[in-house]
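Here is the structure we will look at, set down as structure tokens.
The values are calculated or read from the model by the stated rules, or taken from the named source; none is laboratory data. All values derive from a computational prediction rather than experimental measurement. Accessible surface areas use protein heavy atoms only, side chains included; no ligands, DNA or RNA. Shrake-Rupley method; radii C 1.70, N 1.55, O 1.52, S 1.80 Å.
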Amino acid sequence: MTMQPLDVSWLCGEYGWECYSFIYVRTTPEQVVARLGGRWEDLTPGPFPGDPDHYPGHGDPLGVTSIGDWTFVFDPDWLGTRKEVITKLSEGTRLVSQAALGVKDLDYFYWCEDGEIRFACGDEDDYFEETPAELVDTMAEIYRLYPSFPSFYRGPAFLLVEHLTGIRATEQLLKGSTLMWGVVPEQAKP
């Protein structure tokens with residue numbers, strides 16, 4: 001697979017002062033919502049937020065939509081960094097999560113398979129855990145494309161997401177999607 005850098009300037013600009021999580025789970029949106037303790041029928045449709053301070057619905061709801069065989073979850077907080085949540089969501093499937101807080105240049109990345117974290121970047125110890133053999137060539141290609149290796153959320157994370165999910169998370173794809181919005185019980189837990 002030949003990788004091409006992805007323009008994420010829109011995300012770094014609009015969301016540069018906000019935190020967010022993008023979670024990709026290879027299962028249905030209804031299953032993701034149920035695993036988070038929510039009810040699909042309680043969610044309402046709405047667009048991907050063009051303004052990071054204005055989400056459809058009350059509070060800071062999460063948005064869920066299908067992208068092919070995957071469910072994309074937009075969370076305006078750190079749900080995608082909570083290990084107990086992402087391992088639960090990945091049971092029996094694959095999960096990839098990226099989260100960032102641009103103003104502090106913080107970013108987190110997780111790849112989980114069947115309830116286990118296979119790769120983590122930027123965790124509380126702020127280091128790369130050992131790179132699994134399946135990612136060695138991919139990470140070498142990412143380093144080639146980003147020799148000065150900026151913060152992971154400024155491009156490299158999106159290429160790793162694409163490699164692990166087949167989803168190229170462009171501005172057009174995300175902003176052109178209708179998401180189902182709501183608050184689920186898992187969000188309320190610390």
Margin query: Take the conditions among the hydrophobic types (A, V, I, L, M, F, W, C), modelled with pLDDT of 85 or more, outside any loop (DSSP other than H, G, I, E, B) and open to solvent by less than 60 Å² (accessible area, probe 1.4 Å) and apply them to Ile142. Does it pass?
Written below: no
Next item on the list: Filter segment 100-139 for residues that are part of a strand (DSSP E or B) and either modelled with pLDDT of 85 or more or of a type in the set (D, E, K, R) (or both) and give the result.
Entry: Asp107, Tyr108, Phe109, Tyr110, Trp111, Cys112, Glu113, Glu116, Ile117, Arg118, Phe119, Ala120
